[in-house]
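The values are calculated or read from the model by the stated rules, or taken from the named source; none is laboratory data. Treat the numbers as computed from the prediction; the structure is a model and nothing was measured. Cβ sites come from the backbone with ideal geometry, for glycine too, and all protein chains shown count toward neighbours. Note: accessible area is taken over every heavy atom of the protein model, side chains too, but ligands, DNA and RNA are not part of it. Shrake-Rupley method; radii C 1.70, N 1.55, O 1.52, S 1.80 Å.
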Amino acid sequence: MGAQRRLPIGAPPVKSRCLVPLTAVVLAAALTSCNPQQADDKPTGGTPGSATSAASPAPGGPAPGAGSLSLPDAIAALPDNMEKRDGYERDSFRHWTDEDDDGCETRAEVLLEEATTKPERGERCVLTGGTWMSYYDEVEVTDARKLDIDHMVPLAEAWDSGAYNWTPERRQAYANDLGSKRSLVAVTAKTNRSKGDKDPDQWLPPVAGARCIYAADWTATKLRWKLSADQNERGALLDLAKECSDTTVEFEEVAP
């Protein structure tokens with residue numbers, strides 16, 4: 001699924017997000033260059049269970065704070081806890097910041113990286129032209145204004161699953177996570193708003209061929225940020241995993 005989009009917290013920003021190490025679930029078996037057109041792009045359909053990883057785990061097992069697991073094992077590794085919505089406000093997560101001071105906020109950074117045909121970048125990072133593929137519904141979009149940037153694990157769900165206990169700085173880092181390509185995805189406004197703050201027990205992509213990668217992306221994001229899963233959510237993910245036997249989940253934890 002391509003190069004990551006954000007440096008670990010505390011590291012200096014860079015403007016070329018293609019240089020950041022890969023840590024998410026990807027579709028290609030190998031990655032030889034930072035080409036957004038390669039097979040690590042978002043799926044446009046295909047066979048469930050086709051997700052694989054381009055990166056290899058460290059010899060003898062995953063490195064500390066990182067992992068490469070089958071989807072069932074990754075789901076089993078999710079912390080188990082009840083959700084807690086008390087006190088949630090969207091403003092608790094400051095989002096769409098410009099962390100590298102290049103004039104493009106997080107939303108525009110995602111659009112620039114995920115475009116299948118690159119848009120023109122104007123003043124104040126206004127984007128014109130370009131083409132995108134919304135992998136939730138396999139819709140091609142040629143107007144960036146018709147896309148939403150979806151938090152793979154919605155802000156409210158993140159709050160419920162442990163972010164209620166985070167510092168404001170960690171919440172901001174989560175809301176603008178460019179370090180893992182699947183933390184933020186450009187999708188049609190229709191699918192993003194249909195999803196809302198629902199977990200996989202309540203909502204799945206309308207295209208069946210996207211569901212294995214969605215389950216893997218969701219699980220990887222929760223492992224990356226050490227977020228918990230409740231019983232219904234875990235059950236829904238395990239049901240998906242039965243149809244996704246070849247799906248691999250790669251993640252790198254973000255330090256507290």
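Might you check whether a residue that is in contact with a Phe, Trp or Tyr (Cβ under 8 Å, 6 or more places away or on another chain) and without any contact (Cβ under 8 Å) to a residue 40 or more places away in the chain occurs anywhere in region 122-133? No, because not a single residue in region 122-133 is in contact with a Phe, Trp or Tyr (Cβ under 8 Å, 6 or more places away or on another chain) and without any contact (Cβ under 8 Å) to a residue 40 or more places away in the chain. Considering only residues that are without any contact (Cβ under 8 Å) to a residue 40 or more places away in the chain and either surrounded by 16 or more Cβ atoms within 10 Å (Cβ to Cβ) or touching a Cys at 6+ places or on another chain (Cβ under 8 Å) (or both), which ones fall in region 230-256? The answer is GLU233, ALA236.
Residues checked against (1) open to solvent by less than 60 Å² (accessible area, probe 1.4 Å); (2) at negative phi; (3) of a type outside the set (Val, Ile, Thr):
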position: THR106; (1), (2), (3): yes, yes, no
position: LEU111; (1), (2), (3): yes, yes, yes
position: PRO119; (1), (2), (3): yes, yes, yes
position: ARG124; (1), (2), (3): no, no, yes
position: GLY129; (1), (2), (3): yes, no, yes
position: TYR136; (1), (2), (3): yes, yes, yes
position: ARG145; (1), (2), (3): no, yes, yes
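Yes/no per residue for (1) crowded, with 23+ Cβ neighbours inside 10 Å; (2) under 15 Å from the mean Cα position of the chain (by Cα); (3) free of Cβ contacts under 8 Å to residues at least 24 places away in the same chain:
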residue: THR142; (1), (2), (3): no, no, yes
residue: PRO168; (1), (2), (3): no, no, no
residue: ALA173; (1), (2), (3): yes, yes, no
residue: ASP201; (1), (2), (3): no, no, no
residue: GLY209; (1), (2), (3): no, no, no
residue: ILE213; (1), (2), (3): yes, yes, no
residue: SER228; (1), (2), (3): no, no, no
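Filtered by the rule that a residue be more than 22 Å from GLY235 (Cβ to Cβ) and either at pLDDT below 95 or among the basic types (Lys, Arg) (or both), region 183-217 gives LYS190, ARG193.
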